[in-house]
Each structure stands twice: as C-alpha cells, then as structure tokens.
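Read the structure below first, then the notes.
The values are calculated or read from the model by the stated rules, or taken from the named source; none is laboratory data. It should be emphasised that the depicted structure is a prediction, and the values quoted were computed from it without experimental measurement. Cβ coordinates were reconstructed from backbone atoms using ideal geometry, including for glycine residues, and neighbour counts include every protein chain displayed.
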C-alpha cells in the first residue's frame, strides 16, 4: 500500500488489459479503479450536452435506461453509450438501408408491403410481450435487450414486412422517440406516432407448444408449416400435404421415403424412377405405340 499513489488519471490515458486497468504509456503500472458519485468538487461530472452533440439525444436516453434498473446505482461508462448508439444505427439501416456513397440515405425504406410469415410474427409478438412486461416493472434495460434481439433476428429475414416494422417502431418510440418518429414518417405515415396505440402481443403467437417446421422436397426446402411439438410423422406429413404452398410439389407424386426429425425437419423423397417411367410412358402414348 505504501507504493500506491493516489492520483486521478484521465480516461483517455487508460486501457484495460484482462481484468485490470493500466496506463497506455506504461502497461506495467496497474491502476485501482474506483467509482465516485458525480460532483463538481471531484471534477468527474459528465456534461450531457457533450454526449448529445456526439451521440444524439436518443443514444443518451437509451443508455441511461440500459445501464440497469432505475433503483440501482450505476457506473457511467462512455464505452457503454457507444454500444446503444450502434444498436440505433443498426435499427436505422434495417429500415432505411445502407448509406449512399456520399453518406446520405435514399428516400423511403427497405421494407416491403408483404404478408409476414408466422415465424416473423412470432418473433415480433414475443418482443412485444417482453417489452410490455419489462416496462410495467420499470426494467427498461431488459426491454431494450429484447428489442436488440428482435433487430438481430430481423436482419436474417429475406424481406422486412411493413406491418412488422411498423409495430417495432412503435415499440421503440418510448425509448428513442426522435429516431422512431423519423422512421415512422419514412414508413409512409402522415400523422405522428404519438397518436398511435402501443402494440399489444397476441397469445396465438406466444404458444411454445407449436413450432415452425421446415419441409424439404428431395432435399430442397420448399416451405414451412406450423405443427404441434408432439405431432406424429403421419400428422406432420398430412399437414404438409394440405398446405397450399407445398401441395403442388406432392400432389400425384410417388413418394419413395419420408425422413422426419421431430421438432427439426421433414424431408420427403420422391420416387424419381417412377416419375421417369411415367414420362416415357406418356411420350410413347403420344406417338401412337
């Protein structure tokens, strides 16, 4: 302890190595990090105007909620605000798209006016349910985590249905009102989202007993079906055969084999040899033999 020197070191001269903080200029000097309440006498006050100038008001607002439960004391970290700032940037690009070569963004959005899939609706409504519950319990940090998970999932979709993105922007609006308002107008709405009703989750999309099962025909995915987790192979096949998108691949076809992995996938192997025989037989009948 006698070798310790009590001196405040500016944050820009500190780096983290493993679990310890050290000086950038001399990593052999290890620092003892302590958190103090912000006060003018200690000179550790963060000016919110500086944060807003660099990251925007929404980032500051979001980070203060993301730091942890409101009743707890939290340690300010400028590095933490960069994380939520990146999340807002990803949300913007999800809706608007990547920037143009000159740094600007095109008018309009990347969303399409298509019917969402059941899986997309399930992801959305699970997010709705979590955000609504966490808001009621003032656990804003976990509500933001739920929205981050939604954005991560939405980036994997082939299309961004407008109805789904509309609802998500409404979810985001209490946390990042400026960004949400801008996205709302870009989505084609003439009236402010402040007049819209906050979205509510529907139980039909929250049932965990049902799963979305991919269906393959000859090893190629042709669609998905909604089935109960406990469905037998025969029941799963009947659901697939009655599906409008899948029936065209199965109607009148000879089936050689069915491969069903419960809860994972259904693969239907058609009898290609019989199909070839039928084609040859049809050609022979055309020439009159």
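Of all residues in the range 226-234, one or more are in a strand (DSSP E or B), touching a helix residue (DSSP H, G or I) at 6+ places or on another chain (Cβ under 7 Å) and not assigned by TED's automatic domain parsing to the domain that holds residue 118. Take residue 138 and decide whether it is in a loop (DSSP other than H, G, I, E, B), surrounded by fewer than 18 Cβ atoms within 10 Å (Cβ to Cβ), at pLDDT below 95 and touching a strand residue (DSSP E or B) at 6+ places or on another chain (Cβ under 6 Å). In short, no.
Being in contact with a helix residue (DSSP H, G or I) (Cβ under 7 Å, 6 or more places away or on another chain), closer than 22 Å to residue 81 by Cβ and buried (at least 17 other Cβ atoms within 10 Å of the Cβ) is a description that applies to residue 179. Has the range 95-114 got any residue that is under 22 Å from residue 175 (Cα atoms), surrounded by fewer than 18 Cβ atoms within 10 Å (Cβ to Cβ) and touching a helix residue (DSSP H, G or I) at 6+ places or on another chain (Cβ under 6 Å)? The answer is no; no qualifying residue exists. Of the residues making up the range 217-228, those that are surrounded by 12 or more Cβ atoms within 10 Å (Cβ to Cβ) and under 26 Å from the mean Cα position of the chain (by Cα) are 222, 223, 224, 225, 226, 227, 228.
Per the conditions (1) assigned to a loop (DSSP other than H, G, I, E, B); (2) touching a helix residue (DSSP H, G or I) at 6+ places or on another chain (Cβ under 6 Å), the sole criterion not satisfied by residue 85 is (1).
Close contacts from the range 190-209, counting a first residue that is in contact (Cβ under 8 Å) with a residue 12 or more places away in the chain and a second that is in a loop (DSSP other than H, G, I, E, B), with Cβ to Cβ under 6 Å and a gap of 6+ residues or different chains, come to 193/173; 209/229. Per the conditions (1) within 19 Å of the chain's Cα centre (by Cα); (2) surrounded by 15 or more Cβ atoms within 10 Å (Cβ to Cβ); (3) closer than 30 Å to residue 56 by Cβ, the sole criterion not satisfied by residue 196 is (1).
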